[in-house]
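To start, the structure itself, in structure tokens.
The values are calculated or read from the model by the stated rules, or taken from the named source; none is laboratory data. In this text, all values refer to a predicted model and were calculated from it rather than measured experimentally. Positions of Cβ are generated from backbone atoms using ideal geometry, with glycine treated the same way; all protein chains shown enter the neighbour counts. The protein model used for the area step is the full one, side chains on, heavy atoms only, and it has no ligands, DNA or RNA in it. Shrake-Rupley method; radii C 1.70, N 1.55, O 1.52, S 1.80 Å.
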Amino acid sequence: MSSGAWLLLLLGVALALAFLRRLSAPGFFAANHRASALLAGLAGTAMGLSAFVFVGGPALTAQVGSGALWIILPAPLTAVLQCWVLGGWILSQQPRVLSIPELLGRRLGSGVRLVASALLACGCLAGLAVQGKAVAVLASGLWGGDGTLWAFAVLFATVAYMAAGGMRAGLVVDAVQGGLMGLVALILAAAALVHAREAVGQVLLHPTPLLSSFGQVAPAQAFSWYLLFTLGTLAQPHYLQKFLLLRSRHELRSFPWVLTASLMVVLAVWLGLGLASLALVQRGDLPTGLGDAVIPQLLRQLGPWAVTAAALGVLAAIMSTVASFCNLLAAAVAYDLPQALGKAPWPLGWARGLTVLGGLLGTWIGVSSDRSVAVLGLLGWGFFTACLLPAVLGARFGATCAPAIAAGMVAGAVSCVVLELLRPSFPWPVEPGLFGAAVGLGVVTVAGWRRSRS
Amino acid sequence: MTPRLCLGLLSCGLMTTAFGLHPLLGALGSGLALAALLTTTQRFGEQPKPTPGQVWGSASAVLTVTLGALLLRGQSPWGFFWLLGPAFLALAPLFLGWFARGWRKG
């Protein structure tokens with residue numbers, strides 16, 4: 001009931017914002033570049049952190065122990081890294097850009113913009129699939145009822161205001177959702193640790209392989225996750241989107257502080273729920289082998305209030321990420337693709353239609369998949385890292401020419417997908433996202449070097 | 001040193017870590033990748049950007065904690081939960097302080 005009321009309240013506020021003034025392309029795709037560091041930071045954290053943080057991550061910790069925490073260990077570094085490497089560059093573009101493919105195209109031409117927008121559209125669909133799957137898993141475990149129906153209900157509530165108001169409506173709603181996620185994360189983490197204090201005390205004081213440096217994860221795999229989630233933040237379009245929203249370069253001064261603080265507050269839920277569920281599974285208070293469903297079980301043990309609080313936090317996390325992916329997908333197809341082909345961008349009506357259509361397709365893919373939320377999340381993150389990291393860094397540092405960047409993007413994406421398919425046959429751990437990025441950067445470097453020699 | 005050379009070193013670091021043949025290679029690959037990326041930013045980027053000392057400080061801090069995790073992997077739960085986890089958290093104010101100092105210089 002309260003989840004439905006929350007959805008309706010957000011929908012009302014967002015629709016009011018959407019229709020307040022007439023929209024233009026900068027308003028729809030970049031909120032007219034008017035966000036302060038606080039607003040963009042909270043919205044950026046909400047867009048970046050998804051159901052993976054509330055469900056997949058803690059469930060992975062319960063299964064494999066502290067090895068899963070290597071995914072969130074980059075948190076102290078990533079905000080500063082993004083601002084150092086990309087923030088100043090993106091904000092120095094004049095006139096300001098509305099999308100990541102436009103940013104790359106301005107430096108390297110329309111061919112790169114075309115490839116980037118096509119790959120970005122595919123990656124956004126994968127990202128939407130992760131969110132759809134997460135809603136389905138959580139809804140059936142927490143709120144009861146058909147998970148697929150819940151997934152589409154959440155999607156429709158989100159695309160309603162995103163199609164109407166784009167990022168102008170999405171920015172404010174995402175910032176509110178970011179604040180709510182932080183509050184819920186702290187409360188749930190504390191409650192879970194208090195609830196499981198005896199079990200947690202036992203595992204923290206007595207040696208168990210799950211709480212060694214890497215748990216049940218191979219050390220090399222843990223290091224590859226660490227690097228993937230450190231450098232991957234430079235290649236996720238929904239992470240870079242927040243720089244497009246900022247009002248000026250001056251806002252960068254306090255931006256990493258807002259990002260780091262809000263990120264670490266929300267990530268408390270991963271540590272709290274993960275450690276508590278791991279301890280309860282070890283003591284036999286929660287059954288083993290539940291996969292992602294262990295978190296709804298734990299929340300039910302905490303009481304009805306925890307289920308309601310988790311529903312609000314999870315809805316906020318999912319809706320903000322879905323909003324970002326829908327908007328990025330619409331920008332890639334309606335704004336970037338036509339311009340890369342030498343035509344005028346499509347009218348905003350098309351962007352609105354694509355927001356709805358992309359959301360529907362991504363959610364359908366997610367609810368049809370049998371893979372866990374954690375695996376789907378890693379796949380989506382790895383794909384963006386493989387195809388966009390070579391392009392973003394190559395363009396950022398002017399290291400090479402347009403054909404090399406386009407080839408690097410395609411090589412990165414293909415290598416990532418191929419290695420993902422071959423992964424089960426490898427006797428040692430491999431990380432397709434990092435491998436794809438390495439291949440892409442290798443192509444960019446070698447092709448640029450050959451061209452400079454010729 | 002050119003941007004292409006730096007990005008080539010970054011690619012080597014990524015490849016070394018992507019194929020987890022040995023944990024030590026994974027830790028060294030992570031350090032190399034981070035050092036190469038920050039060196040590129042320091043040499044060829046606009047402000048705000050790190051100083052050379054901050055580049056090597058960042059890479060060394062990350063390398064110290066990752067190698068520490070390898071050394072202490074048998075010390076459960078003391079190694080990770082009571083030593084390395086807090087060490088990673090302590091990096092946040094360090095990096096934010098460096099960013100603020102770089103901003104004032106820029």
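Averaged per residue, the protein assembly as shown has 34 square angstrom of accessible surface, using a 1.4 angstrom probe with ligands and nucleic acids left out. Annotation: A:THR45 carries an accessible surface of approximately 10 Å², with a 1.4 Å probe and no ligand, DNA or RNA atoms counted. Rolling a 1.4 Å probe over the protein chains gives A:PHE156 an accessible area of about 110 Å².
Charge tally for A:VAL258 (other residues, Cβ to Cβ under 12 Å; Lys, Arg +1; Asp, Glu -1): +1.
Contact-buried residues of the stretch B:15-32, at a threshold of 30 Å² lost accessible area versus the chain by itself: B:MET15, B:THR17, B:ALA18, B:PHE19, B:GLY20, B:LEU21, B:PRO23, B:SER30 (1.4 Å probe; DNA, RNA and ligands ignored). Dividing the summed helix terms, -39500 (n - 2.57) for each DSSP H run of n ≥ 4, by the number of residues in the protein assembly as shown produces a 222 nm estimate of -24500 deg cm²/dmol to the nearest 500.
The accessible-area loss of the stretch A:212-228 on complex formation, taken against its chain alone with a 1.4 Å probe, reaches 50 Å² or more at A:SER213, A:ALA220, A:PHE223, A:TYR226, A:LEU227.
Take the solvent-accessible surface of the protein heavy atoms, probe 1.4 Å, and return the percent of it on the stretch B:58-99 that carbon and sulfur atoms account for. Whole-percent figure for carbon plus sulfur exposure: 75. Largest first, the residues A:LEU379, A:LEU103 sort by 1.4 Å accessible area into A:LEU379, A:LEU103. A simple rule links phi to the HN-Hα coupling: the Karplus curve 6.51 cos²θ - 1.76 cosθ + 1.60 with θ = phi - 60°, which for the stretch A:437-454 gives 5, 5, 5, x, 5, x, 4, 4, 5, 5, 5, x, 5, 5, 5, 5, 6, 7 Hz, with x for Gly and Pro. Helices assigned as whole DSSP H runs in chain B whose Cα atoms extend at least 27 Å along their own long axis and whose mean Kyte-Doolittle hydropathy is 0.0 or higher are found at B:23-44, B:52-71, B:85-105. Ranking of A:ARG197, A:ARG253 by solvent-accessible surface, largest first: A:ARG197, A:ARG253 (1.4 Å probe, protein heavy atoms only, all chains present). Run through the stretch A:59-115 and list the trypsin sites (Lys or Arg not before Pro) located in a DSSP loop whose Cβ has at most 15 other Cβ atoms within 10 Å. Taking the stretch A:59-115 and a limit of 15 other Cβ atoms within 10 Å, no loop trypsin sites (Lys or Arg not before Pro) are found.
Over all other residues within a Cβ to Cβ distance under 13 Å of A:ALA25, the charged ones net out to +2, with Lys and Arg as +1 and Asp and Glu as -1. 3J(HN,Hα) couplings calculated from phi for the stretch A:70-87 with the Karplus curve 6.51 cos²θ - 1.76 cosθ + 1.60 (θ = phi - 60°) are, in sequence order, 5, 6, 9, 5, x, 3, x, 9, 5, 5, 5, 4, 4, 5, 5, 7, 10, x Hz; Gly and Pro show x.
Measuring only protein heavy atoms, the 1.4 Å probe finds B:LEU71 accessible over about 150 Å². Heavy-atom accessible area, probed at 1.4 angstrom with all protein chains present, ranks A:TRP346, B:TRP98, B:TRP56, A:TRP270 as B:TRP56, A:TRP346, B:TRP98, A:TRP270, highest first. When chains A and B come together, the accessible area they lose, probed at 1.4 Å and totalled over both chains, is close to 5300 Å².
For the stretch A:123-138, 3J(HN,Hα) computed residue by residue from phi via the Karplus equation (6.51, -1.76, 1.60; θ = phi - 60°) reads x, 5, 4, 5, x, 5, 4, 4, 5, x, 5, 5, 4, 4, 5, 5 Hz, glycine and proline entered as x.
Positive contributions from Lys and Arg (+1) and negative ones from Asp and Glu (-1), summed over other residues with Cβ under 13 Å from the Cβ of A:VAL85, come out at +2. Shielding by partners for peptide B:38-48, expressed as the average number of C-beta atoms from other protein chains within 10 Å of each residue's C-beta, is 5. Apolar share of the accessible surface for the stretch A:3-370: 67 percent from carbon plus sulfur atoms, 1.4 Å probe.
Computed over the Cα atoms of chain A, pair by distinct pair, the Kirkwood hydrodynamic radius stands at 21.9 angstrom.
Classify chain B: rounded, prolate or oblate, from the alpha-carbon gyration tensor (a ≥ b ≥ c, eigenvalue square roots; a/c under 1.5 rounded; otherwise prolate if a/b is larger than b/c)? Judged from the Cα gyration tensor, chain B comes out oblate (a/c at least 1.5, b/c at or above a/b).
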